[in-house]
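The structure appears right after this line, and notes come after that.
What follows draws every value from the coordinates through simple rules; no lab data is involved. Since this is a predicted model, take the numbers as computed values, not measurements. Virtual Cβ from ideal backbone geometry, glycine too; neighbours counted across all protein chains shown.
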Amino acid sequence: MALNLVMLGPPGAGKGTQAERFAREHGIPKVSTGDILREAVHSESELGRQVKAVMERGELVGDDLMIGIVRERLSRPDAMAGFVLDGFPRTAAQAQALDEITASRGPVICVEIQVPDEELVRRVRGRRVCDDCGANADAFEHKPGALPDLCQNTERCRSIGPSWVARSDDSESVVRERLKVYWRDTRPMIEYYSSRPTFRSIDGLQTPEQVREALVSAAASALGMPASQLQSMTKKLDGEAQAS
Ligand code: AMP
């Protein structure tokens, strides 16, 4: 059985950080649509040119474009043993498309991280990403006010010097717009998932470590297995993929 996980929740809830860690620990790819789009903007590709202004306003990129990106990414061999989706789906149309894309891939676990709006605004105000590769400072488990001097993600990042910056869509006015869009377009979609046996909701006000533990327990319980079994499941799948 593949380990298919969809992270749901508002901007700043900690989806990216948790998705990154869960994916690493279970040997499956993290697919973050926000990261894919930011990378496209950074490299000034055709896709980047199309989405830059929309992202800067905190609005949503069109469904057809987003569905095409996710369909292509999930069709790659490394996503066959499972994936962690972060930032997709965000609309009812995207959720329906994801059902269709994953129809023959076993259960899809959906975990919502809940955090109140005022806490989200506070968190996002302090969020920093690497100006060079886009990596989130949280991924390096910094303490607030004590960012590492350098991003350690790539050789280039390690060599060029301090480059932590605020995301251009993390200004307070854009964050409030993104939250408005979240409550209007994305939160209602969670209703679409909430009646499924594989849906779980967790408290995002806990420490990152507690959220991590809650996420593992939620994913395991959604599949009806103990948490310890999740890890061995993906290891086994990985071995099978390498053998074939
Ligand atoms: P994120 O990093 O997930 O907060 O995404 C940053 C921005 O990318 C969002 O504010 C949107 O403009 C765009 N974006 C990311 N994922 C999607 C999606 N699934 N649908 C539409 N727009 C998206």
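Observations on the model:
- For D203, D132, D117, the sequence from fewest to most other C-beta atoms within 10 Å is D203, D117, D132.
- Computed about the Cα centre, the dipole magnitude for segment 1-123 is approximately 240 debye when only Lys and Arg (+1) and Asp and Glu (-1) carry charge, each at its Cβ.
- Residue of R49, R123, R156 that the Gaussian network model of the chain assigns the largest fluctuation, springs spanning Cα pairs under 10 Å: R156
- Options A23, S228, I160, ranked by Cα towards positive dipole end of the chain, top entry (Cβ charges): S228
- Neighbour counts of other Cβ atoms within 10 Å put I67, I113 in the fewest-to-most order I67, I113.
- Considering only F88, I67, V6, the residue lying farthest towards the positive end of the dipole of the chain is V6, judged by Cα position with unit charges set on Cβ.
- Antiparallel bridge percentage (DSSP; both residues within the chain; nearest 5): 20 percent
- In a reduced charge model with +1 at each Lys and Arg Cβ and -1 at each Asp and Glu Cβ, the chain shows a dipole moment near 200 debye about its Cα centre.
- Qualifying GluC sites (Glu not before Pro) in segment 12-82, where qualification requires a DSSP coil assignment and no more than 12 other C-beta atoms within 10 Å, comprise E44.
- Ascending count of other beta-carbon atoms within 10 Å, so fewest first, for W164, W183: W183, W164
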